[in-house]
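Okay, structure first, notes after.
The values are calculated or read from the model by the stated rules, or taken from the named source; none is laboratory data. What you are looking at is a predicted structure, and each value in this text was computed from that prediction instead of being measured. All Cβ positions, even for glycine, are placed from backbone atoms using ideal geometry, and neighbour counts span all protein chains on display.
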Amino acid sequence: MHGHDVRLGDIAHVSHGYADPPAEYMRFDHANVLGIGVTMAPDGDVIELGKALDAKVRELKGALPAGLKLTQVASMPQAVSRSVDDFVEAVSEAIAIVLLVSLVSLGFRTGMVVVISIPVVLAGTALLMNLGHIGLHKVSLGTLILALGLLVDDAIISVESMAVKLEQGFDRMRAAAYAYTHTAFPMLSGTLVTVAGFLPIALARSSTGEYTRSIFQVAAIALLLSWLAAVTLIPLLGSRLLPERQPDHSAGRQGAVEHDVYGGPFYQRFRGWVTWCVDHRWSVIAGTATAFVFALGAFAFVPKQFFPSSDRPELLVDLRLPENASFDATLREAKRFEHDLDGRREIDHYVDFVGAGAPRFFLPLDEQLPAPNFAQFIVTAKNVREREALAASLDQLLSTRYSTLRTRISRLENGPPVGFPVQFRVSGPQIATVRRIADELAARMRIDPDTHNVQLNWDEPAERSVHFEVDQAQARRLGVSSQDLQNFLQTTLSGYTLAYLRKRDLLIPVELRSPPYDRTDPSSLERYALPTSTGAAIPLTTLGRVRYDLEYGVIWERDREPTITVQSDVRPPAQGLDVTQRIDRGLAGLRASLPTGYHVEVGGSVEQNAKAQNSIIEQMPLLAIAVLVILMIQLQSFSRVFMVVLTAPLGLIGVVPALLAFHKPFGFVAMLGMIAMFGIIMRNSVILVDQIEQDVRSGYSHLEAIVGATVRRFRPITVTAAAAVLALIPLVRSNFFGPMATALMGGITVATVLTLFFLPALYAAWFRVGLKETTGEPPLHGQLAVGSQP
């Protein structure tokens, strides 16, 4: 807002595109532009800021002189508003799905208890997010959808427990008390285990961890509030809404007989299936282990990625001339490309920056260093579909009309910026040897069918240089020192600073040097004469000779060694991680032949992904300690804790087929979801194991306790799994959360089956439960007096 007084509460900083005189140019649809950047205050609301800026822009447009226009190039408020609207729509769909699952599976009155609790938990989550300064953005909203399928778990378990007891003849208060006393602590342990699954995300010390930290924050708030609602609000609502059933006094101790809730045909068949799994426990365990081994083997065929590209409509087009190219030459190429962009129906607008890359208008932008030989275009398509068609067209254009330039078309990135997804760094002491190795590596990369636009990050020596070699013997005879020659040439060619002129906050040097025509023609160097203190002038050619050569315009170093990065894009649907790892495996021969002191390192998406994963892996011991402590407090047995932990990784049996079936890559966000899935699986396992132990303590045999507890946990386990899986459907279409949702849907589905069939078999094998072991009546369908111990 150059030249105007701007006072908007959410603005932290306002800057213009270039200083006076300009070191770079910003152009918008052929017109030279003064760019204005607005930075939001740390506690500001970007959407409210956008509304305030729109109002201010409308006000300023009426006061602009003729010939000047004020045009918006990029708007983060608009992008955030579109993203939030999309995710709010997805949240609404997920809520509708969870409500429908609850009502259909539990019945109207029972389901309404769960339905009422959902907005209460969501409202409490929103309140705590506001108090914790957790904003609504892509990561937090996506996590809210993820948590939505999980936050009804405790509510369904609690209300289902009440409903069963009411059907068996308990009064409402007694059923509510039973639901609290028998489920509150196991549910708390399970919820804490699930929350602990997100713990490494919160503690990861990396830019990636910072980017995804709200996954832990939102999930922890929502799940803990859901448990609190399940042990307080659900019993209260259930005592008012659930129907009571009058007990039958025809038989039984104290004249009361519990209603046989699990005596129907389906439950009888299911009981038979569970019994078969317990009887054939070793076959079930062996089959599960075999499936797990196959899943591990098939995981190699799942495409790998770091973070997916953004689904914003912008394309970044880079034009890089040789290092010795002038700013004017770069500007000419930029104007030529502007003409090639004109008239394309896919383009909404574009802006280009000559002499530097675009400013950070998007948080994960891969910013480029200022350079006179570089220009960058931000081309905004009308939508994502048009963006892809435009990218294919521009790629063909650049390869034909701009083949002498280093060019690149890229999408905006999610997550930490990577740049080229495939990168290899060649380092060593001698530039010529490093260049030779880099050229050989580039040739190998071009052979790979999935690489595209292979290039080196600095060019062959093309900078023309002029050297003056001093004849020291002749110079001494004429009384001229090397310092005298250096001062003369510096003053003549580069200039000697005499003073500084202050203009506002700028210091402008006043330099003494030759006119431009004496400095731009290299041959004029041979006509120079060095003045002496006697007034005579000594021709420069008598003091040495002029030598012309080529040299590197820029030399990049890493750890004080010249380093060339060989880099490339990939052709869809290939992923940068897969292509890099495949090429790296083929470099064993090249690495073995490298001279001493030279090495090839992997960079790009593989390096960034390794940093992100290492930051998570570093926190895994704390996750393990937290989970083990919670499980020990609940189960109070090392053997039972170990058995529950053993079930956690079995969700991979469902994750791998789901990713392969839906052609989804396994990225960093999917990895976070898989870690959280381990907590979800252990949560279901610990609740079932705790129920078995309760039945054993009540006097039932281990065999009847295993089968009976599994049958009784069937409905809450399957209903909560259905709610969690179906609630993830709106996330599948998300470019960012789609792989994570797909992995969780497959993993939770298979984990539910394993909980119901594999875990009983594992428990029976673990504790050597006999096949004929019985004690009294089973806890499912026997006559149990209402007044007896529930």
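Quick notes on this structure:
- Boolean, residue 516 is free of Cβ contacts under 8 Å to residues at least 40 places away in the same chain and over 30 Å from residue 454 (Cα atoms): yes
- Counting the residues of region 591-628 that are of a type in the set (A, V, I, L, M, F, W, C) and either closer than 28 Å to residue 419 by Cα or in contact with an Asp or Glu (Cβ under 7 Å, 6 or more places away or on another chain) (or both) gives 8.
- All of 152, 104, 115 fail the test of being in a helix (DSSP H, G or I) and touching a residue at least 40 places away in the same chain (Cβ under 8 Å), apart from 152.
- Test for residue 717: is it without any contact (Cβ under 8 Å) to a residue 60 or more places away in the chain, crowded, with 20+ Cβ neighbours inside 10 Å, aliphatic (A, V, I, L, M) and in a helix (DSSP H, G or I): yes
- Number of positions in region 358-378 that are buried (at least 19 other Cβ atoms within 10 Å of the Cβ) and more than 24 Å from the chain's Cα centre (by Cα): 7
- Residue within region 396-407 that is crowded, with 18+ Cβ neighbours inside 10 Å, in contact with a helix residue (DSSP H, G or I) (Cβ under 8 Å, 6 or more places away or on another chain) and under 27 Å from residue 609 (Cα atoms) present: yes
- In region 537-563, residue surrounded by the fewest Cβ atoms within 10 Å (Cβ to Cβ) [restricted to those that are in a strand (DSSP E or B) and among the small types (Gly, Ala, Ser)]: 537
- Qualifying residue in region 515-527 (condition: assigned to a helix (DSSP H, G or I) and modelled with pLDDT of 85 or more): no
- Of everything in region 562-617 that is free of Cβ contacts under 8 Å to residues at least 60 places away in the same chain and hydroxyl-bearing (Ser, Thr, Tyr), the residue that is nearest to residue 446 (Cα to Cα) is 593.
- Qualifying residue in region 492-514 (condition: of a type in the set (D, E, K, R) and under 24 Å from residue 471 (Cβ atoms)): no
- Of all residues in region 318-374, those being among the hydroxyl-bearing types (Ser, Thr, Tyr) and under 21 Å from residue 399 (Cα atoms) number 2.
- One residue from 345, 332 being in a loop (DSSP other than H, G, I, E, B) and either of a type outside the set (A, V, I, L, M) or surrounded by 17 or more Cβ atoms within 10 Å (Cβ to Cβ) (or both): 345
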